[in-house]
1. Would you confirm, using the coordinates I've provided, whether Arg72 is farther than 15 Å from Trp11 by Cβ, of a type outside the set (A, V, I, L, M, F, W, C) and either in contact with a helix residue (DSSP H, G or I) (Cβ under 7 Å, 6 or more places away or on another chain) or not in a helix (DSSP H, G or I) (or both)?
2. Tell me which residues, restricted to segment 8-34, are under 18 Å from Ile106 (Cα atoms), of a type in the set (A, V, I, L, M, F, W, C) and not in a loop (DSSP other than H, G, I, E, B).
3. Could you check, for segment 15-26, whether at least one of its residues is surrounded by fewer than 19 Cβ atoms within 10 Å (Cβ to Cβ) and modelled with pLDDT under 95?
4. If Arg72 passes every condition in (1) surrounded by fewer than 21 Cβ atoms within 10 Å (Cβ to Cβ); (2) more than 22 Å from Ile107 (Cα to Cα); (3) of a type outside the set (Asp, Glu) but one, which one does it miss?
5. Restricting attention to segment 35-52, does a residue exist that is exposed (fewer than 15 other Cβ atoms within 10 Å of the Cβ), of a type outside the set (A, V, I, L, M) and part of a loop (DSSP other than H, G, I, E, B)?
6. Restricting attention to segment 78-91, does a residue exist that is acidic (Asp, Glu) and assigned to a helix (DSSP H, G or I)?
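The values are calculated or read from the model by the stated rules, or taken from the named source; none is laboratory data. Here the structure is a predicted model, which means the values were calculated and not measured. Heads up, the Cβs are rebuilt from the backbone with ideal geometry, glycines too, and the neighbour counts pull from every protein chain shown.
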Amino acid sequence: MAFKFEKLRVWQYSFDLAEKIVLVANGFHEKERYNLNIQIRRAGDSIGLNIAEGSTGQLDREQKRFLTMANRSALEVVACLMKARRRKYIEEKMYFELYKDCEKLIIALQTFINKLK
């Protein structure tokens, strides 16, 4: 038996992105262990968790609310990536790869949100 959220493309994207973020965050400078490292990991995990939680709602407006929170967390990840790039905690290639992954996810989330009434 699979839960409803497991079939959602946006949840699958978010799950993959969160795992990439953990690997990248582990390479951040030691002084960021309790700051940017935790912030980006929590934001990354929050995307999929909100999608999953919203999928159990019976009303479109409830699911839309959780998808909107997921979208906000995805944007937070982008902002954290920008900080990590500026502080030279991640290489340019990895930054652009994750940025594109976020962009793909945000577009998918916004499309899903717009389809709900």
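1. Spelling it out, it is not the case that Arg72 is farther than 15 Å from Trp11 by Cβ, of a type outside the set (A, V, I, L, M, F, W, C) and either in contact with a helix residue (DSSP H, G or I) (Cβ under 7 Å, 6 or more places away or on another chain) or not in a helix (DSSP H, G or I) (or both).
2. Result: Val10, Trp11, Phe15, Leu17, Ala18, Ile21.
3. Within segment 15-26, one or more residues are surrounded by fewer than 19 Cβ atoms within 10 Å (Cβ to Cβ) and modelled with pLDDT under 95.
4. (2)
5. Yes; the residues of segment 35-52 include at least one that is exposed (fewer than 15 other Cβ atoms within 10 Å of the Cβ), of a type outside the set (A, V, I, L, M) and part of a loop (DSSP other than H, G, I, E, B).
6. No: zero hits.
Listed here are the residues, each with its yes/no results for (1) over 17 Å from Lys115 (Cβ atoms); (2) in contact with a His (Cβ under 7 Å, 6 or more places away or on another chain); (3) without any contact (Cβ under 8 Å) to a residue 40 or more places away in the chain.
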residue: Asn26; (1), (2), (3): yes, no, yes
residue: Gln39; (1), (2), (3): yes, no, no
residue: Leu67; (1), (2), (3): no, no, no
residue: Ser73; (1), (2), (3): yes, no, yes
residue: Arg85; (1), (2), (3): yes, no, yes
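Results for (1) modelled with pLDDT of 95 or more; (2) within 17 Å of Asp16 (Cα to Cα), shown as yes or no for each residue.
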site: Glu62; (1), (2): no, no
site: Thr68; (1), (2): yes, no
site: Val77; (1), (2): yes, yes
site: Cys80; (1), (2): yes, no
site: Met94; (1), (2): yes, yes
site: Asp101; (1), (2): yes, yes
site: Leu105; (1), (2): yes, yes
site: Gln110; (1), (2): yes, no
